[in-house]
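Nothing in this text is a laboratory measurement; each read-out follows from the coordinates by a stated rule. Since the model is a prediction, treat every value here as computed from it, not as a measurement. For neighbour counting, all protein chains shown are included, and Cβ atoms are generated from backbone atoms with ideal geometry for every residue, glycine included.
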Amino acid sequence: MEQHSAVARFRQAAELLEGKWQRELRRLSEEQMARCEEIRLRAGRQMTVLLPEGEMAPDADSPVVTHQDLERLCDMLTAYSRYASADAMGRGYLQTKGGFRVGLCGTAVLREGSVANLRDISSASLRIGREVRGVAAPVLREMMDGDLLGGTLLLSGPGGGKTTLLRDMIRCLSDGLEGQKPMRVALADERGEIAAMYQGLPQLDVGAHTDVLDGCPKAMAIPMLLRSMNPQVLAMDEITETEDIRAIVSAANCGVTMLATIHAADVAELQRKPLFRRLLQAKVFTKAVVIQRREGRRHYLVEDLA
Amino acid sequence: MIKSVGALLILSSSLLLCRERFSRQRQKLLYIEDLAQALSDMASAVRFSGLTLPDAMAQQQIRLWCGGLFTAVCQGYEQGTSLPESWREAIEGLDWEVKRVLQTLSWQGDREKLLGELQRGAETLRETEERWREVMRSQRKVQLAGALSLGLLLMILLI
């Protein structure tokens, strides 16, 4: 059943591409489709798919991707309206229907010192984000003290499954774990990867009591959400900047529970980085969930940060 | 008496034919006027609401005269044809002068280029409409005078 839905998700992602690429992708086995994490197109190279063991072309005779193919892909993804997606393209990605995120590379168009757009697209990476329902419930039960949940950091290396775990945690808290009341969750989805909003609707399930502010830098989104939505839980992806930490510390004084992800293999690595050391000293987060991958499976270790 | 009735019938049918022709010409004018307004409205939708082209086109489907054109484009696009291709197919059967203007719309994602094309397209259509209106006005006079003269000539010959 899990493989079936993973294959369906892969096919949904493939439909975003032109017919000739869809035909190439059909050459993959269902097992490969289910495990595929990304589809990559680079000008002058064959299309590849990213599997846990590495990148591979669907077929040795697959055609080479041209610059025109990538421009057409960009046109299709933006509904021939690049002007409407210029901000997102300036950040290097496009959010599409179905909750897929397409990373783009090309020549940056700079305006007043910041990237305003991308031209001459040279590569595209279609990331197949998947919902894994039920992954968070046992972790949350282990972390919660009765109805109380402390601030929690989710830690892992890139591609470790932080966003997937965070999304399911949000869904569980928002819908209410068995025997517990649903909570009002506010989500600062800066990169649009958690809820994958499309025309005002979340494409991935983030629960019935979740309010999503997407595309807004976290440092601005956190106070906005606090003022406007009165959340019990405030969730966000990828803390990376000092401004984020400042906004989180201010918000923690308002009595809201924080859920966030950070790129770090474990708590020790977190403590080694000066930026995050400051976050730990502020004691906003009391628990950490460290995601480890062993023998092809993910393990979730709950650690105290206090 | 019968001759007079016959002559009157000929005269009335000539006038009816003229009326039918004028009505078709009027519809052509209304169509081109509506189309020019649709392009202007799309430019506004892109400029002020940042709508995507398919959404801006979908808004024009309710137009009385040219709504069908936008419906055809939207349907083609939803069925997987690219937007420029759907547009090319939809304008295929239009009057050659209108088609020539609409062919200049490239539907590329560059905002400034697109707005320029839409505005130029709308202006050219309005100019074409004005020119057609002038031509039709003079044609009407000639046709009406011709029909009346022919009818009268027949009446004289018959009576």
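Across segment A:6-114, C-alpha contacts under 8 Å between residues 6 or more apart give a mean separation that, scaled by the residue count, equals a relative contact order of 17 percent.
In this structure, the amide hydrogen of A:L259, modeled 1.01 Å from its nitrogen in the peptide plane, lies closer than 5 angstrom to those of A:T152, A:L234, A:A235, A:M236, counting only residues at least 5 positions away or on a different chain. One Cα centroid belongs to segment B:1-46, the other to segment B:58-112; the line between them spans 25 Å. Of B:G80, B:G50, B:G121, the residue with the greatest mean-square motion in the GNM of chain B, using alpha carbon springs below 10 Å, is B:G80. Result for chain B in a Gaussian network model with C-alpha springs under 10 Å: among B:L39, B:L11, B:L83, the largest mean-square fluctuation is at B:L11.
Ordered by the count of other Cβ atoms within 10 Å of each Cβ, fewest first, A:F100, B:F48 give B:F48, A:F100. Taking each residue as 0.36 nm, the span from B:R111 to B:L8 lengthens on full extension beyond its C-alpha to C-alpha distance by 31.0 nm. Dividing the alpha-carbon radius of gyration of segment A:2-127 by the rule-of-thumb value 2.2 N^0.38 Å gives 1.06. Cβ-to-Cβ counts within 10 Å put B:I2, A:I245 in ascending order as B:I2, A:I245, the fewest first. Kirkwood hydrodynamic radius of segment A:137-304, from the reciprocal of the average inverse Cα-Cα distance over all distinct pairs: 15.8 Å. Considering only A:S29, A:L73, A:Y83, the residue lying farthest towards the positive end of the dipole of segment A:22-91 is A:Y83, judged by Cα position with unit charges set on Cβ. Exceedance of the 20 Å cut-off in Cα-Cα distance is limited, within the set A:K20/B:K99; A:K97/A:K162; A:K162/A:K287; B:K28/B:K141, to A:K20/B:K99; A:K97/A:K162.
When only Cα pairs below 8 angstrom with a gap of at least 6 residues are kept, chain A shows a relative contact order of 14 percent. Take every DSSP beta bridge whose two residues both sit in the protein assembly as shown; close to 60 percent of them are antiparallel. Once C-alpha pairs closer than 8 Å and six or more residues apart are averaged by separation and normalised to the residue number of segment B:2-158, the relative contact order reads 38 percent. According to the Kirkwood relation over distinct C-alpha pairs, the hydrodynamic radius of the protein assembly as shown is 26.5 Å. Amide H contacts of A:V109: A:A116, A:N117, A:L118, A:R119, each under 5 Å away and 5 or more positions distant or on a separate chain (H built 1.01 Å from N in the peptide plane; Pro and chain starts excluded).
Taking B:S14, B:S149, B:S40 in turn, the Gaussian network model of chain B (Cα-Cα springs below 10 Å) assigns the largest fluctuation to B:S149.
The shape of segment B:29-159 comes out prolate: with a ≥ b ≥ c from the C-alpha gyration tensor, a/c is at least 1.5 and a/b beats b/c. Shape call for segment A:179-225 from the C-alpha gyration tensor, a ≥ b ≥ c root eigenvalues: rounded (a/c under 1.5), prolate (a/b greater than b/c) or oblate? In terms of gyration-tensor shape, oblate. The phi-based Karplus calculation (6.51 cos²θ - 1.76 cosθ + 1.60; θ = phi - 60°) puts the 3J(HN,Hα) values of segment A:64-78 at 7, 6, 9, 4, 5, 4, 5, 5, 5, 4, 4, 4, 5, 5, 9 Hz, whole numbers, x for Gly and Pro. Helix A:162-175 and the long axis of chain A differ in direction by around 60°, with both axes built from C-alpha atoms. Partners of A:K218 within straight-line reach, counting aspartates and glutamates whose Cα lies under 19 Å from its Cα and excluding those fewer than 8 residues away in the same chain: A:D87, A:D189, A:E190, A:E193, A:D237, A:E238, A:E241, A:E243, A:D244. Residue order for B:T81, A:T210, fewest other beta carbons within 10 angstrom first, comes to B:T81, A:T210. Dividing the helix sum by the residues of chain A, where each DSSP H run of 4 or more adds -39500 (n - 2.57), gives a mean residue ellipticity at 222 nm of -9500 deg cm²/dmol.
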